[in-house]
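Below: the structure, in structure tokens.
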Amino acid sequence: MHDILVATLMLAQDAPDSAYLVWGVVLFGAAVFFVALELILPSAGMLALLSAGSVIASIVAFFLHSPTAGLVAVLSYLVLVPAALTFGLKWWMNSPLGRRLVLSSSVEGTRDADEASDGDRPLADGVAGRRPGASLRELIGAEGVTVTPLRPVGTVRIEGRRVDALSESGTIDADTPIVVTDVYDNQVKVKARV
């Protein structure tokens with residue numbers, strides 16, 4: 001970043017007045033290019049730093065051209081960058097690449113192979129078959145059976161659906177009747193039914 005500023009200032013000393021304007025526009029284009037690359041290539045922020053350096057260097061170049069051009073550049077960056085980020089993120093989230101990289105808020109469960117097919121119903125808060133918007137807290141007091149051993153975490157079947165659960169006390173073997181005792185932070189807590 002420092003090298004970009006030094007190179008811009010050194011070139012600006014020998015260049016005629018209109019060259020500053022050209023350098024400002026070129027450095028602005030470089031900043032946009034680096035931001036676009038940052039979205040595609042994992043660079044640990046190095047491309048973002050290059051982009052920020054290009055923005056600063058372009059502002060310096062615009063100010064060297066004229067104070068008015070420098071102020072217009074600063075105001076343009078202050079208005080256009082947030083607007084472009086907002087628009088770009090909305091567009092990117094709906095792009096094929098964005099949909100693959102960003103987790104969705106819906107969660108889907110798994111059904112046991114031995115269950116009778118009653119249609120694929122979506123999960124609501126981690127439990128398949130519940131009406132949309134249903135809370136896991138509604139499971140408190142529900143009874144089920146362990147599908148896998150809980151050591152202390154495993155899978156249980158409640159209301160015909162598989163749910164990840166946490167044993168309140170120790171290990172619970174597979175195929176043991178359980179009862180839901182609590183739900184905290186989307187974690188279903190169970191204990192062996194007596």
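The values are calculated or read from the model by the stated rules, or taken from the named source; none is laboratory data. Everything numeric in this text was worked out from a predicted model, so none of it was measured. No Cβ is skipped: glycine too gets one built from the backbone with ideal geometry, and neighbour counts run over all protein chains shown.
Below are the figures for this structure:
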| read-out | value |
| --- | --- |
| Criterion (hydrophobic (A, V, I, L, M, F, W, C), assigned to a helix (DSSP H, G or I), surrounded by 11 or more Cβ atoms within 10 Å (Cβ to Cβ) and touching a Ser or Thr at 6+ places or on another chain (Cβ under 7 Å)) met by exactly one of 48, 57, 84 | 57 |
| For residue 187: the one exception among (1) of a type in the set (S, T, N, Q); (2) modelled with pLDDT under 90; (3) over 28 Å from the mean Cα position of the chain (by Cα) | (3) |
| Residue 42, sole failed condition from (1) assigned to a loop (DSSP other than H, G, I, E, B); (2) modelled with pLDDT of 90 or more | (2) |
